[in-house]
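What follows is a short report on a single structure.
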């Protein structure tokens, strides 16, 4: 097993990279999810798979581990989707 990330800053960068890959490979779902305000439902399986990968790579000693992944979702997927037409903004 690969060495686990123990630095919160590196963990957040890893989370952002994972979420970026999810967004990149699911651009249509991201657009549809933002437009219809159901992005978390549309990408539930992909986001869960990414979360599991993140948990495997990041030490559980980081108290904010789960929040780092959630923050990456907002930073990468939601903020960058601001240019997509939606009733939610």
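Residue 31 falls short on exactly one of the conditions (1) within 14 Å of the chain's Cα centre (by Cα); (2) closer than 13 Å to residue 77 by Cβ; (3) surrounded by fewer than 19 Cβ atoms within 10 Å (Cβ to Cβ), and that condition is (1). Report, by residue number, each residue of segment 27-52 that is more than 15 Å from residue 66 (Cβ to Cβ) and touching a helix residue (DSSP H, G or I) at 6+ places or on another chain (Cβ under 6 Å). Once the filter is applied, which keeps residues that are more than 15 Å from residue 66 (Cβ to Cβ) and touching a helix residue (DSSP H, G or I) at 6+ places or on another chain (Cβ under 6 Å), segment 27-52 yields 29, 30, 33, 34, 39, 42, 43, 46. The set of residues in segment 13-25 that are free of Cβ contacts under 8 Å to residues at least 24 places away in the same chain, under 12 Å from the mean Cα position of the chain (by Cα) and farther than 11 Å from residue 73 by Cα comprises 13, 24. Restricting attention to segment 54-65, and to residues there that are more than 11 Å from the chain's Cα centre (by Cα) and outside any loop (DSSP other than H, G, I, E, B), which single residue is surrounded by the fewest Cβ atoms within 10 Å (Cβ to Cβ)? For segment 54-65, the residue satisfying everything is 56.
Every number here is computed from the coordinates shown, using simple stated rules; none is lab data. Values in this document were obtained by computation on a predicted structure and should not be read as measured data. All Cβ positions, even for glycine, are placed from backbone atoms using ideal geometry, and neighbour counts span all protein chains on display.
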